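Notes to accompany the following structure.
The values are calculated or read from the model by the stated rules, or taken from the named source; none is laboratory data. These figures come from a predicted structure and were not determined experimentally. Here the Cβ is made from the backbone with ideal geometry for all residues, glycine too, and neighbour counts use every protein chain on show.
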Amino acid sequence: MTVNRVQPQLRVVLADVNPKVVESWRAAFADTPEIEIRKGSILHEEVDAWVSPTNSRGRMDGGVDAVIKRHLGAGIQLRVQRAIRDGFAGSLPVGSAVCVPSGAVNPRFLISTPTMETSSQNVSETLNVALACAAAFQAVHRQNLAQPGSITSVALVGMGARTGRVPARVCANLMWTGYTLFHDHHFEDYDDLRSTIAAQLDDIENAPEEQRIRIAPPHRPASRR
């Protein structure tokens, strides 16, 4: 069920080494000046949580996943895969996420959200970036429900723009969609999140690539009293 509510203030940093992604972010997020956008590695961002685009099995063997695994140590993959096994029977659907302790002081948490089912899959013709970005923010919300105030800042990279081969402008616009959805609403579960995004973005391939799509929660009749 979707619920309209004011989200607690969350510091959001977008950081990527690809200048085309950074330029596209600046255009897509021009009317959201609270978002911090920087060219550089996510490893340099001092925040409570990093978001890593992954695959459904949580194998951190490519792209940003591999960079983070080298930085945090092999144990981070074990924690991610254990969370996927415990919460999703070993396969994390696109549009879902897990949040695990990083084992480090910075960041305290790693949020893994799949942009693809298998490593190095081309997802340029899918909605996976919007699904993954929205799921990452949903994971922040769920973590803060479990431990209030545990995540007050988060850093994300250009999701799908490297191994997923998503064009920079499309990546930026879909990430804007995921962020604005979190800013305005939260979902009780990932199934509801996925179905809402899929239903409303089903015809996105016919829209101009520069067009940004704001998702509205589905209308639900008021309950009888």
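The table below lists the values:
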{"read-out": "Residue in the stretch 47-63 that is in contact with a strand residue (DSSP E or B) (Cβ under 9 Å, 6 or more places away or on another chain) and farther than 27 Å from Leu127 by Cβ present", "value": "yes"}
{"read-out": "Test: residue in the stretch 128-151 that is surrounded by fewer than 18 Cβ atoms within 10 Å (Cβ to Cβ) and modelled with pLDDT under 85", "value": "no"}
{"read-out": "Condition check for Glu209: of a type in the set (Asp, Glu), modelled with pLDDT under 70, assigned to a helix (DSSP H, G or I) and out of contact with any strand residue (DSSP E or B) (no Cβ under 7 Å at 6 or more places or on another chain)", "value": "no"}
{"read-out": "Per-region count, the stretch 58-75, residues among the hydrophobic types (A, V, I, L, M, F, W, C) and either within 19 Å of Ser91 (Cβ to Cβ) or without any contact (Cβ under 8 Å) to a residue 12 or more places away in the chain (or both)", "value": "3"}
{"read-out": "Residues within the stretch 83-97 that are within 16 Å of Leu156 (Cα to Cα) and assigned to a helix (DSSP H, G or I), tallied", "value": "0"}
{"read-out": "Residues of the stretch 98-109 classified as over 14 Å from Arg59 (Cα atoms) and either at pLDDT 95 or above or in a strand (DSSP E or B) (or both), total", "value": "7"}
{"read-out": "Single residue of the stretch 46-82 satisfying the filter (crowded, with 19+ Cβ neighbours inside 10 Å, closer than 23 Å to Ser150 by Cβ and small (Gly, Ala, Ser)) that is nearest to the chain's Cα centre (by Cα)", "value": "Ser52"}
